[in-house]
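First the structure, in the form of C-alpha cells, and then the observations on it.
Here, each number is a calculation from the coordinates, and none is a lab measurement. Predicted model, so just to flag it, every value in this text is computed and none were measured. All Cβ positions, even for glycine, are placed from backbone atoms using ideal geometry, and neighbour counts span all protein chains on display.
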Amino acid sequence: MTKGESTVWHDAWFTVDARGRRCPLPIIELARRLPELGIGAVLVLWADDPAAAFDVPAWCRMRAQELVSTRELTDGGTAYLVRRLT
Amino acid sequence: MSGRNTVGSVPAYLDHASTAVLHPTARDALLAALDEGWADPARLYRDARRARMLLDASRETVAAVLGARPDEVSFTSSGTQAAQLALLGTARARRRAGTRILLSAVEHSCVLHAAEWHERAGGQVTTVGVDGFGRVDPAAFAPPPDTAVASLQHANHEVATIQPVAAVADVLHAVGVPLHVDAAMSVGRIPVDVQAIGADLLSASAHKFGGPAGVGILVVRTGRRWANPLPADEREGGRVAGFPNVAGIVATAAALHARAGEIADEAPRLAGYVDRLRARLPHLVPDVEILGDPDPAGRLPHLLTFSCLYVDGESLLGELDRAGIAVSSGSSCTSDTLTPSHVLAAMGALTQGNIRVSVGRESDAADVDALLAVLPDAVARVRERAGVVGL
C-alpha cells in the first residue's frame, strides 16, 4: 500500500460492519449508509460474503459511485473503501 | 395458465438451458430402439448386428449434422464425460509438446473441473479473461509455448454470448495448438459445423437439445493426437469404454436430426420471446441489469439473464416457483458453495438477484407473459422483506 492510499483509508468518516451478513445485505447496508456522507467523502464497508467482491464494484458502477480501494482484513473478510460521487 | 402445453407439472417451464424436454421424435426412437437395439452391438448374431446397425446409423446422422466424419464421432455417457475425455485425452497425447491447458474464465464447470484435475496431476492451467458480455478476445487467447490443448465454449451457458471460436482457432492453429470446443449450449440450438468453427475436438450433450439424459457426443477430428486418459476397451473406437447406451444414442441422433430441420423456423419465434423480455423488463422492474450481448448476432436466440439489485436470488426463485415459473439463478445464495457464478464474476456483472430465463420448442408466448406478470411483484416483495426502500 502506498502512503497516498493509506491517507485515503484514514479519511473514512465511518465503517459499516456487514461481516456475517449474506448477499445482498452488505450491498443494502452500503446503499443505506452512503447518503450520510457529503459528496466526495469516503466510508469503509467490511464484508465477508463472497458475492460482495463482485457486487460492491457492480453497485458502484450502477450507482455512479467510486470504489477507491480494497484490502483484506486480518481476521477475515474484505474492507471496501467507497467514495460518494453523486 | 392451465390447458396449455405444460412441461411436467410446471405451468411455465423457462429453464430449457438446464435441460430440454425430450423431443417427441426422440421419444418414439427411444421406445423403438429399446426393443430393436437391445443386444450387444459387438456380437455377430442377428439381433446384435441390428443393434450395431442402429449404432452406426446414429453415428452417421450425428456426424452429418455436425459436419464431421462418422469415425470422428463417439458417444459418451454425458456431455461432461465428453468434455473431460476431449481435454484430458488431448493433454495426455500431447504431453511432450507441453503440459498446459488454456481456457476461458467462463467455461462450464465440467471443463473447469477437468482443468483442476489436470493441475492436481502436475499440469498447468492458464485462464483467459472476458469482457463485460462474457466474450474472449481472440488476441488474448495466445497460447504460452508449453500449451498442450485449449478449450473454449461455443456459446456461454449463463449469458448466451457466442464466442469468436473460429478466430480463436486461427490463433491457436498458427502455433499448432488444438482446440476443444464445448458446444453443449449450441448444438441443436444453432447450426454447428466442426469445420467452420475450427474445432479439433467438440463435445455436446443430448439432453440439452431434446435427446435423453445419459448420452454425450465427443468429436475427435481425424489426425488429431488423442490418447484415452482412462482404461480403454474396444468400444466406441477405443475412446469410450463400456457397453454403449444404444437406445439412448438412437434417440440422440433422432433428436439432433429433428432439431437440425426445425431450428431455422423456430429461432425467430424464440428470439421474439427473448426480445420481449429484454424490452419489457427494464420498464417493469426497477434496478434490473440485463446481461449479455444486446446484439442478437452475438448470442444464442433462446436465453436471457438479468440481475436485480438488492434481491436475494434464492427468495426470488422461491417466489417464482410458487407462481409456477421454473427458472435458474447464478446468485451465490442459490449455489451449494455460497459463491456466485464464476461467469457473472468474470464479467464484472451484478451477481445478486440473478435469473436465467431460457425458452425452447415447447415454449409459447403465455410462458413469457406469465413471467412478466409475476416478476415485478415478486421482486418488490423480496425487496420489501429485506427492508429496501428508496435505495
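A few notes on this one:
- Theoretical FRET efficiency, 1/(1+(r/R0)^6), r = Cβ-Cβ of A:R32 and B:T127, R0 45 Å, to 0.05: 0.80
- Base-10 log of normalised Debye intensity for the stretch B:194-305 (one unit scatterer per alpha-carbon) at q = 0.16 Å⁻¹: -0.93
- Inter-part distance where the stretch B:161-201 and the stretch B:71-140 are each reduced to a Cα centre, Å: 13 Å
- Label-point separation in nm, B:A386 to B:D137, each point 7 Å along Cα→Cβ: 3.3 nm
- Alpha-carbon radius of gyration plus Dmax, which is the widest Cα pair, for the stretch B:245-324 in Å: 17.2, 51
- Mean separation of Cα contacts under 8 Å (6+ apart) over length of the stretch B:1-158, as relative contact order %: 17 percent
- Looking at chain B alone, DSSP beta bridges between its own residues are antiparallel in about 50 percent of cases.
- For chain B, the relative contact order is 22 percent, taking Cα pairs closer than 8 Å that sit 6 or more residues apart in sequence and dividing their mean separation by the residue count.
- Reduced Cα scattering model of the protein assembly as shown, Debye log10 I(q)/I(0), q = 0.07, 0.09, 0.11 Å⁻¹: -0.41, -0.67, -0.95
- Neighbour-count ranking [beta-carbon atoms within 10 angstrom, fewest first] of A:W59, A:W9, A:W46: A:W9, A:W46, A:W59
- Whether the stretch B:206-255 is rounded, prolate or oblate, judged on the alpha carbon gyration tensor where a/c under 1.5 counts as rounded: prolate
- The convex hull drawn around the Cα atoms of chain B, when projected onto a plane and averaged over every direction, covers 19.4 nm².
- The calculated Kirkwood hydrodynamic radius for the stretch B:16-157 is 17.9 Å, given to one decimal from all distinct C-alpha pairs.
- B:E119 versus B:D336: modelled label distance in nm, points set 7 Å from Cα along the beta carbon direction: 1.9 nm
- In this Cβ point-charge picture (+1 for Lys and Arg, -1 for Asp and Glu), chain A has a dipole of about 240 debye about its Cα centre.
- With the charge dipole of the protein assembly as shown set up from +1 on Lys and Arg Cβ and -1 on Asp and Glu Cβ about the Cα centre, the Cα lying farthest toward the positive end among the listed residues B:A227, A:V16, A:A79 is that of B:A227.
- Each residue of the stretch A:51-67 is assigned a 3J(HN,Hα), and the resulting list reads 5, 4, 4, 9, 7, 5, x, 5, 5, 4, 5, 5, 9, 6, 9, 10, 7 Hz, derived from the Karplus form 6.51 cos²θ - 1.76 cosθ + 1.60 (θ = phi - 60°), x at Gly and Pro.
- Separation in nanometres of the label points that stand 7 Å from Cα toward Cβ, at B:L230 and A:A41: 6.2 nm
- The residue among B:A63, B:V177, B:A255 whose Cα reaches farthest toward the positive pole of the charge dipole of the protein assembly as shown, with charges on the beta-carbon of Lys, Arg, Asp and Glu, is B:V177.
- P(r) tail fraction, chain A - alpha-carbon pairs more than 19 Å apart, %: 30 percent
- If you plug the beta carbon distance of B:R95 and A:D17 into 1/(1 + (r/R0)^6) with R0 = 56 Å, you get a FRET efficiency near 0.65.
- Footprinting exposure proxy for B:F133, B:F75 (fewest neighbouring C-beta atoms within 10 Å first): B:F133, B:F75
- Max mean-square fluctuation residue, GNM over chain B, Cα-Cα springs under 10 Å, options B:Q352, B:Q195, B:Q153: B:Q195
- From its DSSP helices (H runs of at least four residues, each -39,500 (n - 2.57)), the protein assembly as shown gives a residue-normalised ellipticity at 222 nm of -12000 deg cm²/dmol.
- Compared with the alpha-carbon gap, the fully stretched path from B:S109 to B:D47 is longer by 18.4 nm at 0.36 nm per residue.
- Computed from point charges on the beta carbon alone (+1 for Lys and Arg, -1 for Asp and Glu), the dipole magnitude for the stretch B:344-390 about its Cα centre is near 280 Debye.
- Rg over Rh [alpha-carbon atoms, Kirkwood Rh] for the stretch B:319-391: 1.00
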